[in-house]
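Novice: Sharing a structure here in structure tokens format.
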């Protein structure tokens, strides 16, 4: 439920621009990531809840970057969404919509970082990952 709450709070922040709501979102998403593991020993599979927590936190940090322009928040968001993409590639029958959302978020974040730093490598990486996804090859790189 914390993950759902984090997503809802971010949606509310996008309407109200209330920074306290965004901080609550970051806090709840951070708690989800900290209290779960990527691998669920009970099911023997990757934890989709952990992955969703990473996505929620990445989106919230991107929103914080957009609010304050602190590139460290954007860098952390990119790191989290890359980890999420990798973990999703390990989940059998991962919902296509979740993978699509992660790849899209990654591309948007990389474009933002390119606009901030002007490094063409950021655009090249984003283009490569999106093209791979469109060709049916889910990114199976490991960010760890």
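Novice: I'd like the full set of residues that are within 8 Å of the chain's Cα centre (by Cα) and more than 14 Å from residue 105 (Cβ to Cβ), limited to the range 42-63.
Specialist: Listed by number, the list is empty, since nothing qualifies.
Novice: Yes or no: the range 114-128 includes at least one residue that is part of a helix (DSSP H, G or I) and at pLDDT below 95.
Specialist: Looking through the range 114-128, at least one residue is part of a helix (DSSP H, G or I) and at pLDDT below 95.
Novice: Tell me the residue from 79, 101, 83, 72 that is free of Cβ contacts under 8 Å to residues at least 12 places away in the same chain, within 27 Å of residue 115 (Cα to Cα) and touching a helix residue (DSSP H, G or I) at 6+ places or on another chain (Cβ under 9 Å), please.
Specialist: 72
Novice: Among (1) touching a helix residue (DSSP H, G or I) at 6+ places or on another chain (Cβ under 7 Å); (2) more than 19 Å from residue 4 (Cα to Cα); (3) surrounded by fewer than 21 Cβ atoms within 10 Å (Cβ to Cβ), where does residue 21 come up short?
Specialist: (2)
Residue by residue, here is whether (1) surrounded by 13 or more Cβ atoms within 10 Å (Cβ to Cβ); (2) over 21 Å from residue 14 (Cα atoms); (3) at pLDDT below 90 holds:
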{"residue": "37", "(1), (2), (3)": "no, yes, yes"}
{"residue": "47", "(1), (2), (3)": "yes, yes, yes"}
{"residue": "93", "(1), (2), (3)": "no, yes, yes"}
{"residue": "101", "(1), (2), (3)": "yes, no, yes"}
{"residue": "131", "(1), (2), (3)": "no, yes, no"}
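Conditions (1) under 13 Å from the mean Cα position of the chain (by Cα); (2) in a helix (DSSP H, G or I); (3) over 18 Å from residue 98 (Cα atoms); (4) at pLDDT 95 or above, marked per residue:
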{"position": "13", "(1), (2), (3), (4)": "no, yes, yes, yes"}
{"position": "21", "(1), (2), (3), (4)": "no, yes, yes, yes"}
{"position": "25", "(1), (2), (3), (4)": "no, yes, yes, yes"}
{"position": "29", "(1), (2), (3), (4)": "yes, yes, no, yes"}
{"position": "65", "(1), (2), (3), (4)": "no, yes, yes, yes"}
{"position": "73", "(1), (2), (3), (4)": "yes, yes, yes, yes"}
{"position": "79", "(1), (2), (3), (4)": "yes, yes, no, yes"}
{"position": "83", "(1), (2), (3), (4)": "yes, yes, no, no"}
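The values are calculated or read from the model by the stated rules, or taken from the named source; none is laboratory data. Nothing here was measured: the structure is a model prediction, and the numbers come from that model. Note that we place each Cβ from the backbone using ideal geometry, even for glycine, and neighbour counts take in every protein chain shown.
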